[in-house]
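Here is the structure we will look at.
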Amino acid sequence: MRLTKTELEMLKGNEGPAVKKAMEILVALGKIYGAERMVPITSAQVSGVSYKNLGDAGIEFLAEWADAGANVRVPTTLNPAGMDLKNWKELGISEAFAKKQLEIIKAFERMGVEISCTCTPYFAGNCPRRGEHIAWSESSAVSFANSVLGAYTNREGGPSALAAAIAGRTPLYGYHLEENRRATLVVDVEFEPKNQADFGAMGYLVGKEVKGGVPLFRGIKEANLDQLKMLGASMAASGAVALYYVEGMAQNIQTAPTPKNMKITEWHIRKAYDEMNSDGKKFAKQICVAHATDSRGIGHTPESAIRSRAQTEGSVACYDEKIDLVALGCPHCSIDELRQIAKMLGGKKIKSGLWVCTSRKVADGAKEERLIIEKSGGKVVCDTCMVVAPLEEMGCKNIAVNSGKAAFYLPTHCKANVRFGSMEKCIEAAIKGKWNSKDA
Ligand code: F3S
């Protein structure tokens, strides 16, 4: 790897032990991935903030780096922590957890990182321009930055993003190079996605298919920023997608010489919804088997018949199940989403818990909506989210979400039963305290 004179000095330790350590991490990565050189970055975004994920070893690692004099040299923001940094007591977070979480925040603060604690930094002031090289690590934000904003970033790990922030550069490989930004899968969308959950369900299917490749969507007539945010987050969870294109919206689309193809119809989306509901996995399989084995052709077996059989066998949750928590805002809500939620609640009282996760900056700009949500009994939760907060410790078992990414991670990260549906359906569940599985 070719290093400039300055970079060699940094690596030798002439700028102190913290910069030396950062350069060692970056050079090691560059060698593994065959980077020819470093590229300067304009911003960084660091994940790995919740004490739930970092543990004591993580605190030690960060504190040591801060003690060695580490300081970021480009604007650097932080992913959600394990709790709302101001209102953690009201959320039921234990003192022991809060103490550890605050130690982590302190270490980042000492390094000059902005304590933004959001996975949608682009809604909160860290919004790179087209063509800028950056080092971001939150997978959904990486996808948004590459695909919607037109920036260039790999899916960094927390330590490598922090190293890049401290050194102000990152090795030039992967998605920093044009040749790796070509679409490898063309997805023909033959249904009309209507809301964030539809985009999440579509992302769930495509992520599983394309894995670490680059999908190009054809046939999407319109999509707003929140829907694209949900699509990217879902694909980053069920696959490892860091970049996608939507024909008619993305600029500079590049396609590999022989991309694969897939199509998504209403039927595929139905199946995805069933799979993404915790008890629906077996049911979705039954639909597939029924379709595959039915000699009269695809789609002949009435779905209602399979559903009722599955219900009898106990593989699909019963109708009207109790919901402990409705959790919206994965990735963190935009101001538009806060408005939609406030409008849907319309002053009605809720019976389950309701978390609306967002960044503090967005929440501060939505005081009216916050008031409406809180008057209904919900909470606008900042700095954290339903996946990285210790929900399991807090006794939340049945959680309803409208996010493909949250639906993917909640069963493993929080041992929760997930109900996945549109924002309207989630709000209806919060008001009734129950999830209606009838038209899930
Ligand atoms: Fe953000 Fe948490 Fe979802 S970090 S993308 S809200 S899992």
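Which of the residues belonging to the stretch 127-143 are more than 13 Å from the ligand (Cβ to nearest atom), surrounded by 22 or more Cβ atoms within 10 Å (Cβ to Cβ) and in a loop (DSSP other than H, G, I, E, B)?
Once the filter is applied, which keeps residues that are more than 13 Å from the ligand (Cβ to nearest atom), surrounded by 22 or more Cβ atoms within 10 Å (Cβ to Cβ) and in a loop (DSSP other than H, G, I, E, B), the stretch 127-143 yields Pro128, Ile134.
From the list Ala430, Ala363, which one is within 16 Å of the ligand (Cβ to nearest atom) and at negative phi?
Just one listed residue meets the conditions, Ala363.
Can you name the condition, by its number, that Asp383 falls short on among (1) within 13 Å of the ligand (Cβ to nearest atom); (2) on the phi < 0 side of the Ramachandran plot?
(2)
Where residues in the stretch 209-243 are of a type outside the set (A, V, I, L, M) and within 16 Å of the ligand (Cβ to nearest atom), which of them is surrounded by the most Cβ atoms within 10 Å (Cβ to Cβ)?
The residue in question is Ser234.
Output the residue which, of all residues in the stretch 327-340 that are more than 19 Å from Val387 (Cβ to Cβ) and not polar (S, T, N, Q), is nearest to the ligand (Cβ to nearest atom).
Ranking the qualifying residues of the stretch 327-340, first place goes to Leu338.
Restricting the first residue to the stretch 366-386 and requiring it to be among the acidic types (Asp, Glu), which pairs with a second residue that is away from the ligand (no atom under 16 Å from the Cβ) and outside any loop (DSSP other than H, G, I, E, B) meet a Cβ separation below 6 Å and a spacing of at least six or different chains?
Going by the 6 Å Cβ cut-off, the qualifying pairs are Glu369/Arg339; Glu369/Ala342.
Go through (1) away from the ligand (no atom under 15 Å from the Cβ); (2) of a type in the set (D, E, K, R); (3) within 17 Å of Leu54 (Cα to Cα) one by one and return the number of the condition Arg110 breaks.
For Arg110, the failing item is (3).
Could you tell me how many of the residues in the stretch 389-424 are within 14 Å of the ligand (Cβ to nearest atom) and of a type outside the set (Lys, Arg)?
20
Among the residues of the stretch 56-86, what is the count of those that are surrounded by 15 or more Cβ atoms within 10 Å (Cβ to Cβ) and touching a Cys at 6+ places or on another chain (Cβ under 8 Å)?
Of the residues in that region, 6 qualify.
For the structure I just gave you, tell me whether Asn146 is within 16 Å of the ligand (Cβ to nearest atom), of a type outside the set (A, V, I, L, M, F, W, C) and closer than 30 Å to Val241 by Cβ.
Considered against the rule, which asks whether it is within 16 Å of the ligand (Cβ to nearest atom), of a type outside the set (A, V, I, L, M, F, W, C) and closer than 30 Å to Val241 by Cβ, Asn146 comes out as yes.
In the stretch 1-83, which helices (runs of 4 or more DSSP H) lie fully inside it and hold 1 or more residues that are free of Cβ contacts under 8 Å to residues at least 24 places away in the same chain and on the phi > 0 side of the Ramachandran plot?
51-67
Here, each number is a calculation from the coordinates, and none is a lab measurement. Note that this is a predicted model, so its numbers are computed, not measured. With ideal geometry, Cβ positions are generated from the backbone for all residues, glycine too; neighbour counts draw on all protein chains shown.
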